[in-house]
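Participant: The following block contains the structure, expressed as structure tokens.
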């Protein structure tokens, strides 16, 4: 089903729809100061990135890194999205 997923303090590994095969729209929520989250099963065109604690998308830089996508604000990497290379 549809999931809203937010990592806490420290580095987290985030999985949407773990334990079932029903698919759905997952929202991975990122915030500054909580370490680097690893998003394992992001589906481009289906899943979403949400922001918390006053972050806006204009605060972010998206950088390809070895076949993955780093989501960065300032000097902090908020998340590494595995298997996502391109930014549209």
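Participant: For segment 8-21, enumerate the residues that are modelled with pLDDT of 60 or more, within 15 Å of residue 76 (Cα to Cα) and under 13 Å from the mean Cα position of the chain (by Cα).
Facilitator: Matches in segment 8-21: 11 only.
Participant: Here are some conditions: (1) surrounded by fewer than 17 Cβ atoms within 10 Å (Cβ to Cβ); (2) at pLDDT 90 or above; (3) in contact with a strand residue (DSSP E or B) (Cβ under 7 Å, 6 or more places away or on another chain). Residue 84 meets all but one. Which one does it not meet?
Facilitator: (1)
Participant: While we're looking at this one, here's another question. For segment 22-39, enumerate the residues that are within 15 Å of residue 82 (Cβ to Cβ) and at pLDDT below 85. It would help to see each step written out before you state the result.
Facilitator: At the first step, the residues of segment 22-39 found to be within 15 Å of residue 82 (Cβ to Cβ) are 26, 28, 30, 36-39.
The one that is within 15 Å of residue 82 (Cβ to Cβ) and at pLDDT below 85: 26.
Participant: Working carefully through the options 5, 72, find the one that is part of a strand (DSSP E or B) and either at pLDDT below 85 or under 9 Å from the mean Cα position of the chain (by Cα) (or both).
Facilitator: Step by step, each of 5, 72 is checked, and only 5 is part of a strand (DSSP E or B) and either at pLDDT below 85 or under 9 Å from the mean Cα position of the chain (by Cα) (or both).
Participant: For segment 40-61, give me the residue count where each residue is buried (at least 17 other Cβ atoms within 10 Å of the Cβ) and part of a strand (DSSP E or B).
Facilitator: Selection size over segment 40-61: 2.
The values are calculated or read from the model by the stated rules, or taken from the named source; none is laboratory data. For clarity, every value in this text was computed on a predicted model and none was experimentally measured. In this analysis, Cβ positions are derived from the backbone assuming ideal geometry, glycine residues included, and neighbour counts consider all displayed protein chains.
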